[in-house]
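Enquirer: If you scroll down you'll find the structure; I have some questions about it.
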Amino acid sequence: MKVKRDQVILSFRNDEGLKSSDGKELSWFTVAGEDGKFVPAIAKIQGEKVIVSAQGGSKPISVRFAWDEKAMPNFINKAGLPAVPFRSNGLQWDYKK
């Protein structure tokens, strides 16, 4: 994940032939700015990357995809395999308890 101005540029391991299963704009992407509040995002495929931006134009620092149990995303690869839900911000676990 790279942040460039008001956009997040996402790269994937199995990124050959990224596409939308229904021909529409990618769905179920959200972004958060420094306030940590996630809002719906605009996500577009550019070559083998996905460009994600906030609808309000603020600088995103975190991205989530399909981070909802009701999610029915349309993001697939050339083989027709769906992208799995992910987030760019990780949890901090204290394993020493």
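Enquirer: Can you say whether residue 87 is under 15 Å from residue 1 (Cβ atoms), loosely packed, with under 14 Cβ neighbours inside 10 Å and charged (D, E, K, R), as far as the supplied structure shows?
Expert: No, not satisfied.
Enquirer: Does residue 54 fit the bill of being among the hydrophobic types (A, V, I, L, M, F, W, C), surrounded by 12 or more Cβ atoms within 10 Å (Cβ to Cβ) and free of Cβ contacts under 8 Å to residues at least 40 places away in the same chain? Can you show your working first?
Expert: Numbers: among the hydrophobic types (A, V, I, L, M, F, W, C): yes; surrounded by 12 or more Cβ atoms within 10 Å (Cβ to Cβ): yes; free of Cβ contacts under 8 Å to residues at least 40 places away in the same chain: no.
No, not satisfied.
Residue-wise test of (1) without any contact (Cβ under 8 Å) to a residue 24 or more places away in the chain; (2) surrounded by 12 or more Cβ atoms within 10 Å (Cβ to Cβ).
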residue	(1), (2)
4	yes, no
27	no, yes
36	no, no
46	yes, no
69	yes, no
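Enquirer: Right, something else. If you take the residues of the stretch 6-25 that are free of Cβ contacts under 8 Å to residues at least 40 places away in the same chain and either at positive phi or assigned to a loop (DSSP other than H, G, I, E, B) (or both), which of them is farthest from the chain's Cα centre (by Cα)?
Expert: That would be 23.
Values in this text are rule-based calculations from the coordinates and carry no lab data. All values reported here derive from a predicted model rather than from experimental measurement. Here the Cβ is made from the backbone with ideal geometry for all residues, glycine too, and neighbour counts use every protein chain on show.
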